1. Just for the stretch 100-115: of the residues that are without any contact (Cβ under 8 Å) to a residue 12 or more places away in the chain and open to solvent by 60 Å² or more (accessible area, probe 1.4 Å), which one is farthest from PRO70 (Cα to Cα)?
2. What do you reckon, is ARG141 open to solvent by 40 Å² or more (accessible area, probe 1.4 Å), more than 13 Å from VAL7 (Cβ to Cβ) and among the basic types (Lys, Arg)?
3. For residues in the stretch 114-136 being among the charged types (D, E, K, R) and in a helix (DSSP H, G or I), which is nearest to LEU168 (Cα to Cα)?
4. Just one of (1) of a type in the set (Val, Ile, Thr); (2) open to solvent by 10 Å² or more (accessible area, probe 1.4 Å); (3) assigned to a helix (DSSP H, G or I) trips up THR66, so point out which.
5. Could you tell me which of the residues LEU217, LEU178 is closer than 23 Å to LEU240 by Cα, out of contact with any Leu (no Cβ under 7 Å at 6 or more places or on another chain) and touching a residue at least 12 places away in the same chain (Cβ under 8 Å)?
6. Among the residues of the stretch 75-92, are any out of contact with any strand residue (DSSP E or B) (no Cβ under 7 Å at 6 or more places or on another chain), surrounded by 20 or more Cβ atoms within 10 Å (Cβ to Cβ), closer than 19 Å to VAL126 by Cβ and modelled with pLDDT under 90?
7. Quick one: which of SER47, SER57 is modelled with pLDDT under 90, hydroxyl-bearing (Ser, Thr, Tyr) and open to solvent by 30 Å² or more (accessible area, probe 1.4 Å)?
8. Looking for something in a loop (DSSP other than H, G, I, E, B) and under 22 Å from the mean Cα position of the chain (by Cα) - is there at least one such residue anywhere in the stretch 81-102?
Amino acid sequence: MVGHALVVGFTGPPGAGKSRLRHEFLRRVEKRSEPSTLLLGRGDVMSAGAPYGILRSAIHKLCGITGSEPLELQRERLRVRVAQNLAFEVAEQMVPFLGELCSIPFPDSTRLRAARQDPRIMSDQVTRAFQDFLRCECEQRPVLLVLEDLHWGDPLTVKLIDLTLRELAELPFMVLALARPEVDELFPRLWADRSRLDIRLAGLSKKVAERLVQQALDNKVTPQEMAHIVAQAGGNALYLEELIRAFTE
């Protein structure tokens, strides 16, 4: 993992191989001797644009929350996970505002009541809580935040990640964002002022597709069958994989 905050973005059309890249990258991260903290969030077409939706899913997963548990159990799991690297008193002040981000409401306190009456105060408190939580995590081990299907994300998540990348610029914090090309229209200049590496995924060339078919089918395919499979896939990695599977079956 890097020693400073960094964004790596993979963009490509459906079936270009974004999910496979994410899978292979995480598999390699897991094999590293250096432990790291993983937050894995996924955008959802049914909740696209919902405030903090994709980030909420990442924190829920980290805390072992499915969303079907009783509210008190959700609160306790969030509280326990946050308190792993924090003093109890600090965690107790931070957790209610992370709860707002995660749609896990906590009972009113003086600070929480004041924030709920002013959206600007609430936004500031949520931002501070999230950044303080990540800072403590980064001081223990590198943190990797994966945002899959960011094109179904939301402006509040994008803004919060931008502020956090700035705030934690000197800490081992990496964001891996995977999205379709329309993400650039939905979120113009996405994290453009941060340390960012963009990788655009194009379709597979005919030569590469043929090599993959040969390897997958152990060369047990005729030239005519090869040409048919490659033509049907049209350079789409997902389609090619499915066609190879269908041919095998």
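The values are calculated or read from the model by the stated rules, or taken from the named source; none is laboratory data. Because the structure is a prediction, the values reported are computed rather than measured. For neighbour counting, all protein chains shown are included, and Cβ atoms are generated from backbone atoms with ideal geometry for every residue, glycine included. We work out accessible area using only protein heavy atoms, side chains counted, and drop any ligands, DNA or RNA first. Shrake-Rupley method; radii C 1.70, N 1.55, O 1.52, S 1.80 Å.
1. Step one: list which residues in the stretch 100-115 are without any contact (Cβ under 8 Å) to a residue 12 or more places away in the chain, which gives 107-108, 110, 113-114.
Keeping just the survivors that are open to solvent by 60 Å² or more (accessible area, probe 1.4 Å) gives 107-108, 110, 113.
On the way: PRO107: 15, ASP108: 18, THR110: 25, ARG113: 23 Å.
This residue is THR110.
2. On the way: open to solvent by 40 Å² or more (accessible area, probe 1.4 Å): yes; more than 13 Å from VAL7 (Cβ to Cβ): yes; among the basic types (Lys, Arg): yes.
In short, yes.
3. Of all residues in the stretch 114-136, those among the charged types (D, E, K, R) come to 116, 118, 120, 124, 128, 132, 135.
Subset that is in a helix (DSSP H, G or I): 116, 120, 124, 128, 132, 135.
On the way: ARG116: 27, ARG120: 22, ASP124: 16, ARG128: 12, ASP132: 10, ARG135: 7 Å.
Of everything passing the filter in the stretch 114-136, ARG135 is nearest to LEU168 (Cα to Cα).
4. Of (1) of a type in the set (Val, Ile, Thr); (2) open to solvent by 10 Å² or more (accessible area, probe 1.4 Å); (3) assigned to a helix (DSSP H, G or I), only one is false for THR66: (3).
5. Values: LEU178 fails: out of contact with any Leu (no Cβ under 7 Å at 6 or more places or on another chain).
Selected residue: LEU217, the only one of LEU217, LEU178 that is closer than 23 Å to LEU240 by Cα, out of contact with any Leu (no Cβ under 7 Å at 6 or more places or on another chain) and touching a residue at least 12 places away in the same chain (Cβ under 8 Å).
6. To start, the set of residues in the stretch 75-92 that are out of contact with any strand residue (DSSP E or B) (no Cβ under 7 Å at 6 or more places or on another chain) comprises 75-92.
Now drop any that are not surrounded by 20 or more Cβ atoms within 10 Å (Cβ to Cβ), which leaves 75, 78-79, 82, 91.
Now restrict to residues that are closer than 19 Å to VAL126 by Cβ: 75, 78-79, 82, 91.
Restricting the remaining residues to those that are modelled with pLDDT under 90 gives 91.
Checking the stretch 75-92: at least one residue is out of contact with any strand residue (DSSP E or B) (no Cβ under 7 Å at 6 or more places or on another chain), surrounded by 20 or more Cβ atoms within 10 Å (Cβ to Cβ), closer than 19 Å to VAL126 by Cβ and modelled with pLDDT under 90.
7. Details: SER57 fails: modelled with pLDDT under 90.
None of the others qualify; the one that does is SER47.
8. First, the residues of the stretch 81-102 that are in a loop (DSSP other than H, G, I, E, B): 86-87, 102.
Filter once more, so that each one left must be under 22 Å from the mean Cα position of the chain (by Cα): 102.
Within the stretch 81-102, one or more residues are in a loop (DSSP other than H, G, I, E, B) and under 22 Å from the mean Cα position of the chain (by Cα).
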